[in-house]
Amino acid sequence: MKLTIEKISEKYLRDAHKIYNHYIVNSYANFEEKTLTFNQFHNNYKNIIKNKLPYLVALSEKKVVGLAYLNRFREKSGYRFAFENTIYVHDQYIKQGIGYTLLKELLYVSKSNKNIKLIVAVIGSIDSKGSLKLHEKLGFKKTGVLKKIGFKNNKWIDSIFLQKNI
């Protein structure tokens, strides 16, 4: 498969939105319980771009097969150099190295933004082995676990924190 990673453009947002919502409905990777409307997803995109943060898309034969972006870790000013990453791969394309390639490129483009000093990965504890493995492979270190911090589909979920200095 020929994979291209590029800065996302509006023409790919609808497909990226579908991938994002798939993980809300079908996994514990996303702690949202209700799917986002396209307008909500688009507003998130505009906020990320307005803040000059990276937002990438993975394409295979012009089809969106993954997305990755950074957003503020927390809104308080003391966290202004810390950002949380988000990565989702189309469910029909998992375990093909797309998540790794997206994260590697996200880290690379983040180095050119002087405000990005630290990237945090917050990973749900259920069905997360692949995500943990790819983050650790790219130098993220596990820094802690918040026990039973999330609740979805009648299950308590831990959040596993990893971080990487840029």
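Cβ contacts < 6 Å: first residue surrounded by 14 or more Cβ atoms within 10 Å (Cβ to Cβ), restricted to the stretch 72-85; second residue in a helix (DSSP H, G or I), any location; separation 6+ or different chain. Result?
Listed pairs, sorted by first residue: F73/Y79.
Considering only the stretch 31-50, how many residues are touching a residue at least 60 places away in the same chain (Cβ under 8 Å) and not aromatic (F, W, Y)?
Step one: of the stretch 31-50, the residues touching a residue at least 60 places away in the same chain (Cβ under 8 Å) are 31, 33.
Remaining after also requiring not aromatic (F, W, Y): 33.
Looking only at that region, the number is 1.
Run down A16, A58 and say which single residue is touching a residue at least 24 places away in the same chain (Cβ under 8 Å), part of a helix (DSSP H, G or I) and buried (at least 18 other Cβ atoms within 10 Å of the Cβ). Write out each step before concluding.
On the way: A58 fails: part of a helix (DSSP H, G or I).
After ruling out the rest, the residue left standing is A16.
Checking the condition under 23 Å from Y12 (Cα atoms), out of contact with any strand residue (DSSP E or B) (no Cβ under 7 Å at 6 or more places or on another chain), among the basic types (K, R) and surrounded by 13 or more Cβ atoms within 10 Å (Cβ to Cβ), which residue from K95, K104 passes? Let's see the steps before the verdict.
Values: K95 fails: surrounded by 13 or more Cβ atoms within 10 Å (Cβ to Cβ).
Answer to the check: K104.
For the stretch 118-161, enumerate the residues that are part of a strand (DSSP E or B), surrounded by 15 or more Cβ atoms within 10 Å (Cβ to Cβ) and touching a Gly at 6+ places or on another chain (Cβ under 9 Å).
Selection gives G124, G150, K152, I157, D158, S159, I160, F161.
Looking for something closer than 18 Å to Y23 by Cβ, in contact with a Pro (Cβ under 7 Å, 6 or more places away or on another chain) and modelled with pLDDT of 95 or more - is there at least one such residue anywhere in the stretch 99-120?
Yes: the stretch 99-120 contains one or more residues that are closer than 18 Å to Y23 by Cβ, in contact with a Pro (Cβ under 7 Å, 6 or more places away or on another chain) and modelled with pLDDT of 95 or more.
Suppose the filter is out of contact with any Gly (no Cβ under 8 Å at 6 or more places or on another chain), of a type in the set (F, W, Y), part of a helix (DSSP H, G or I) and touching a residue at least 12 places away in the same chain (Cβ under 8 Å); does Y100 pass it? Before the answer, list the steps.
On the way: out of contact with any Gly (no Cβ under 8 Å at 6 or more places or on another chain): yes; of a type in the set (F, W, Y): yes; part of a helix (DSSP H, G or I): yes; touching a residue at least 12 places away in the same chain (Cβ under 8 Å): yes.
Judged against the criteria, Y100 is a match.
Given the residues S27, S60, S77, which is the only one that is within 23 Å of K2 (Cα to Cα) and not basic (K, R)? First the steps, then the outcome.
Numbers: S27 fails: within 23 Å of K2 (Cα to Cα); S77 fails: within 23 Å of K2 (Cα to Cα).
Matching residue, one of S27, S60, S77: S60.
H42: under 15 Å from the mean Cα position of the chain (by Cα), at negative phi and not hydrophobic (A, V, I, L, M, F, W, C), yes or no? First the steps, then the outcome.
On the way: under 15 Å from the mean Cα position of the chain (by Cα): no; at negative phi: yes; not hydrophobic (A, V, I, L, M, F, W, C): yes.
Here the answer is no, as H42 does not meet what is asked.
Is it true that some residue in the stretch 26-38 is out of contact with any Ser or Thr (no Cβ under 6 Å at 6 or more places or on another chain), at pLDDT 95 or above and either in a strand (DSSP E or B) or farther than 25 Å from K152 by Cα (or both)?
Checking the stretch 26-38: not a single residue is out of contact with any Ser or Thr (no Cβ under 6 Å at 6 or more places or on another chain), at pLDDT 95 or above and either in a strand (DSSP E or B) or farther than 25 Å from K152 by Cα (or both).
The values are calculated or read from the model by the stated rules, or taken from the named source; none is laboratory data. Remember, predicted model here, so these are calculated numbers, not experimental data. Note that we place each Cβ from the backbone using ideal geometry, even for glycine, and neighbour counts take in every protein chain shown.
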